[in-house]
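Beneath this line is the structure, given in structure tokens, with notes to follow.
Each value in this text was obtained by applying a stated rule to the coordinates, not by laboratory testing. Since this is a predicted model, take the numbers as computed values, not measurements. Virtual Cβ from ideal backbone geometry, glycine too; neighbours counted across all protein chains shown.
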Amino acid sequence: MPTMLRPANERGHADFGWLDSRHSFSFGEYHDPAHMGFGPLRVINDDRVAAGAGFPTHGHRDMEIISYVLEGGLEHKDSIGTGSVIRPGDVQRMSAGTGIQHSEYNASKTAPVHFLQIWILPEQRGQTPSYEQKNFTLDDKRGRLRLVGSRDGRDGSVVIHRDVDLYCTVLSTDESVAHPLKAGRIAWVQVAQGSVQVNGTLLNEGDGLAMADEAAITLIGQSNTAEVLLFDMAQ
């Protein structure tokens, strides 16, 4: 499987006025047979929600849903009694399992919210719905790859019910980090903000890169602040 660049400007796009959403993979009315996901990674939506607006109560099942806020606050409520506001630095994981109802609204009446919504296929269907949220400070991620999600919840990460390690990093210009990729595993790099070089390929904000058959992944910051997510996954 070769390295594959997913340019930000080639993603699917939905604009409902209150929501401006960019889809790395097929989602909703955007269908692209060439981009149905990558390994267990099924959805990466780059969402901007207007002040006071949001997603009314709706249902999910058999999916690991991760919310990663970049700017503003996202208010979450669900049918298992969880309610919170997710802000930059927070990582929220909701396991839909046998079925869950939830809503997501911009917590502000005056400012927009910008966040990534990530869906990962679980290893097993029919699990009990559950929820988890943890905060990882800027210092946790600055100049290093911080594990924020994993199957076993190690190092204080949220639990993902799939063999996926999710790392986040914040890099300044020319600052670098490296991550070994074990044989048989694949990786996806998503640039949330700024620009970064990944094994010699320049990625800008919103770009994604699918990788396989690489011994290591080296990220080098190309802007004053680059915020990057790295998914290390079993195929």
Phi to ³J(HN,Hα) by Karplus 6.51 cos²θ - 1.76 cosθ + 1.60 over the stretch 128-134, Hz, x for Gly, Pro: 6, x, 8, 8, 8, 9, 9
query: In whole Å, how far is the Cα centre of the stretch 85-132 from that of the stretch 1-32?
result: 19 Å
message: What are the ³J(HN,Hα) couplings of the stretch 20-29, residue after residue, when phi is run through the Karplus curve with 6.51, -1.76, 1.60 and θ = phi - 60°? Round to Hz, x for glycine and proline.
response: 10, 10, 10, 10, 5, 10, 3, 6, x, 7
query: Taking amide H positions as placed 1.01 Å from N in the peptide plane, with prolines and chain starts having none, which residues 5 or more places from residue 6, or on another chain, fall under 5 Å of its amide H?
result: 208, 209, 210
message: Run through the stretch 1-102 and list the trypsin sites (Lys or Arg not before Pro) located in a DSSP loop whose Cβ has at most 15 other Cβ atoms within 10 Å.
response: 61
message: With a cut-off of 8 Å between alpha carbons and a minimum separation of six or more residues, what is the relative contact order of the stretch 99-200 in percent?
response: 21 percent
field: Value of relative contact order over the chain, rounded to a whole percent, pairs C-alpha under 8 Å and six or more apart
entry: 19 percent
statement: Residues whose built amide H sits under 5 Å from the amide H of residue 194, excluding neighbours closer than 5 in sequence, are 205, 227
statement: Residue-normalised 222 nm signal for the chain, counting each DSSP H run of n ≥ 4 as -39,500 (n - 2.57), nearest 500 deg cm²/dmol, is 0 deg cm²/dmol
- request: Using amide H atoms built 1.01 Å from N in the peptide plane, name the residues 5+ places from residue 25, or on other chains, whose amide H lies under 5 Å from its own.
  value: 44
- prompt: Only one of the listed values, (1) 17.8; (2) 18.3; (3) 19.8, was derived from the coordinates as Kirkwood radius over Cα pairs in Å; which label is it?
  reply: (1)
Karplus-derived 3J(HN,Hα), 6.51/-1.76/1.60, for each residue of the stretch 170-178, Hz, glycine and proline x: 10, 10, 8, 4, 6, 6, 9, 9, 10
message: What's the whole-number percent of alpha carbon pairs in the stretch 53-139 lying beyond 15 angstrom?
response: 57 percent
